[in-house]
Amino acid sequence: MTLLTDDDLRETRCLINGEWITGPATFDVLNPATGQRVASVPLLGASHTRSAIDAAHKAGTNWKALTAHERSGILKCWHTLILAHAEPLARLLTEEMGKPLAEARAEVMYGASYVEWFAEACRRVYGEVIPSHDPRKQLSAVRQPVGVVAAITPWNFPNAMLARKLAPALAAGCTVVAKPAEQTPLSALALAKLACAAGVPAGVLNIVTGDPAAIGSELTSNPLVRKLTFTGSTAVGKLLLRQCADTVKRVSMELGGNAPFIVFDDADLDEAVEGAIISKFRNAGQTCVCANRLFVQEGIYDAFSARLVEAVRHLRVGDGMQEGVSIGPLIDDRARRKVERHVQDALAHGAVLLQGAREPDGFFFAPIVLGDVTPSLLVASAETFGPVAPLLRFRDEADVLAQANASEAGLAAYFFTRDIARAHRVAAALEVGMVGINTGAISTEVAPFGGIKESGYGREGGPNGLDDYLDVKYLCLGGLN
Ligand code: NAP
């Protein structure tokens, strides 16, 4: 196996039909910790996207004709290459996105786990023989790749969100045109570089960077694209859904969350605090499954908030490249302004600052704990996407379930209790796609990831993770008399 040099991995061109191309113009990728330019990448639009779609369409014929074993072999090779380049991939990720290097390393491994999982899963795509309604007919169903897949991904997990889409699509026999977020295209281009080195043929994987509206319009209106898989904000998700309607594309949507994190008075408080730190402050609070509202039962509210404040004091804020840093910068000025607005709104409406500073230092926000938060405040009603833990009190199970479910989002929820009956009741009643019980860390390639309500539909990973990329075709063979 030949390893790529760090320079080779730091690809700044787009991939269309196996060619690395530049564009008529470029835009800058900035390091959010330093504000310095990391690279410039092509500012492409509709016509390049159309070329990428055409290439993906043509390449699909041969790619889907490979045996599952052959596609699996290429994906396994890609997985090996990702692991072999894990350190430079992680450094690139921290440079363009800001998260602490330890988290970037974990993300690269997490992304790679999907490549391995789907390399294995594609060898077990079975059809069905169906008991017939007519002795002269044999009925069966087969699964076939949907065709060209468009993938649009966000900046908060620039490696894993893309790997989680590319792996099942390629494994299923689909070809892909992907558009990474403008803040973090380098992780995507590096993954594509390794995919090419692993033997993914020309046209099977295409990456375009540039104007989101122009690229998005082409991806959603072009009839050759048969599926859109999107991870990002609910607002953009709704727009893309509308745009996909005219060509009736299959769609998977992984959208925003507003996760409740509930601590019942019988919880192990140390475990609950540990869970809150992981769930709330990982990636500086910029994860879709982040605890956004921390509901604490009245009897333990003071004890829990004191312990949480103590734990938060130990979190170190700084450049993700520095050893020991656990909170990096926010991604950009827009994110900083949003977090600031949420904090100011809370403080203006009765919340108390228990820990942290009111103002950020550039893009660096010291982690904040807010007490006495009420449901109508912005920090509780909207996704803050920052290192802010708002604490809300609740009376009993019915009260907290009503509050937790009073959201249009339905991605993840967490709760802590030692009562097994309550664990079952609450898990069943929460209106979300994923529940963490006595844990703040739930993501893994072996389980289905996704939401309900306005958090979207479709599932990534897990035993049925290929289904979103396969069409079921029913065959009715007559004339058997
Ligand atoms: P975003 O603004 O919706 O952007 C996501 C992607 O959509 C980016 O690639 C963006 O491109 C692109 N985009 C924006 N406008 C578009 C348009 N008109 N047409 C086509 N594409 C367009 O979201 P974000 O701020 O990057 O990500 C944070 C959000 O993602 C949060 O709400 C978070 O909860 C959600 N998220 C959900 C999951 C999940 O699995 N449910 C996982 C991670 C994140 P540009 O960057 O070029 O604008």
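The values are calculated or read from the model by the stated rules, or taken from the named source; none is laboratory data. The shown structure was predicted, so the numbers you read here are calculated from the model rather than taken from an experiment. No Cβ is skipped: glycine too gets one built from the backbone with ideal geometry, and neighbour counts run over all protein chains shown. Quick note on the areas: whole protein, heavy atoms, side chains included, nothing else; ligands and nucleic acids left out. Shrake-Rupley method; radii C 1.70, N 1.55, O 1.52, S 1.80 Å.
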Here the range 455-464 yields Karplus 3J(HN,Hα) values (6.51, -1.76, 1.60; θ = phi - 60°; whole Hz; Gly and Pro given as x) of 7, x, 8, x, 10, 10, x, x, x, 10
What shape does the range 22-171 have by the C-alpha gyration tensor, where a ≥ b ≥ c are the square roots of the eigenvalues, rounded means a/c under 1.5, and otherwise prolate means a/b greater than b/c and oblate the rest?
-> prolate
Using 0.36 nm per residue, how much length does the chain from ALA402 to ARG341 gain when fully extended, once their Cα-Cα distance is taken away?
-> 19.3 nm
Ignoring ligands, DNA and RNA, what percent of the 1.4 Å accessible area of the chain is carbon and sulfur?
-> 53
For the range 325-364, what class follows from the C-alpha gyration tensor (a ≥ b ≥ c being the square roots of its eigenvalues): rounded when a/c is under 1.5, otherwise prolate if a/b is larger than b/c, else oblate?
-> oblate
Can you tell me which of 167-176, 69-78, 396-405 comes out highest on packing, and rank the rest after it, using the mean Cβ neighbours within 10 Å?
-> 167-176, 69-78, 396-405
Which whole-angstrom value gives the distance between the alpha carbon centres of the range 398-466 and the range 222-294?
-> 11
With viscosity set to 0.890 mPa s and temperature to 25 °C, compute the Stokes-Einstein D of the range 265-379, Rh being the Kirkwood radius across alpha carbon pairs; µm²/s, no decimals.
-> 166
Partner lysines for LYS338 [C-alpha distance under 22 Å; skip if fewer than 8 residues away on the same chain] = LYS99, LYS238, LYS280
Distant-in-sequence amide H partners of PHE27 (H built 1.01 Å from N, under 5 Å) | VAL41, LEU43
The chain accessible area per residue, 1.4 Å probe, protein heavy atoms, integer Å², reads 40
What nm value, rounded to one decimal, do you get for the distance between ARG136 and ALA427 when each label is placed 7 Å out toward the C-beta?
-> 5.2
Taking the chain on its own, what percent of its Cα-Cα pair distances exceed 41 Å?
-> 21
Computed over the range 330-400, Cα set: Rg, Dmax in Å | 12.4, 42
Dividing the Cα radius of gyration by the Kirkwood radius, what Rg/Rh value follows for the range 389-481?
-> 1.19
Distance between the range 374-388 and the range 172-216 - C-alpha centres, whole angstrom = 34
State the antiparallel share, in %, of DSSP beta bridges confined to the chain, rounding to the nearest 5.
-> 45
Quick one: which of LYS58/LYS137; LYS64/LYS473; LYS179/LYS227 span more than 25 angstrom between C-alpha atoms?
-> LYS58/LYS137
From the phi of every residue in the range 340-348, what ³J(HN,Hα) in whole Hz does the Karplus formula 6.51 cos²θ - 1.76 cosθ + 1.60 yield, where θ is phi - 60° and glycine or proline is x?
-> 4, 4, 5, 5, 5, 4, 5, 5, 6
So if R0 is 51 Å, what FRET efficiency would THR5 and ASN481 give, r being the distance between their Cβ atoms, rounded to the nearest 0.05?
-> 0.15
Rounded FRET efficiency, nearest 0.05, which uses the C-beta distance separating ARG242 from HIS349 and R0 of 30 Å = 0.30
When the helix-only estimate is applied to the chain (DSSP H runs of n ≥ 4, each -39,500 (n - 2.57), divided by the residue count), what is the mean residue ellipticity at 222 nm, nearest 500 deg cm²/dmol?
-> -12000 deg cm²/dmol
Among 220-229, 51-60, 129-138, what's the highest-first ranking by average C-beta atoms within 10 angstrom per residue?
-> 51-60, 220-229, 129-138
At THR61 and THR439, where each label point lies 7 Å from the Cα along Cα→Cβ, what is the point-to-point distance in nanometres?
-> 4.7
Length gained if ALA306 through ASN464 is fully extended, taking 0.36 nm per residue and subtracting the Cα-Cα distance, is 52.7 nm
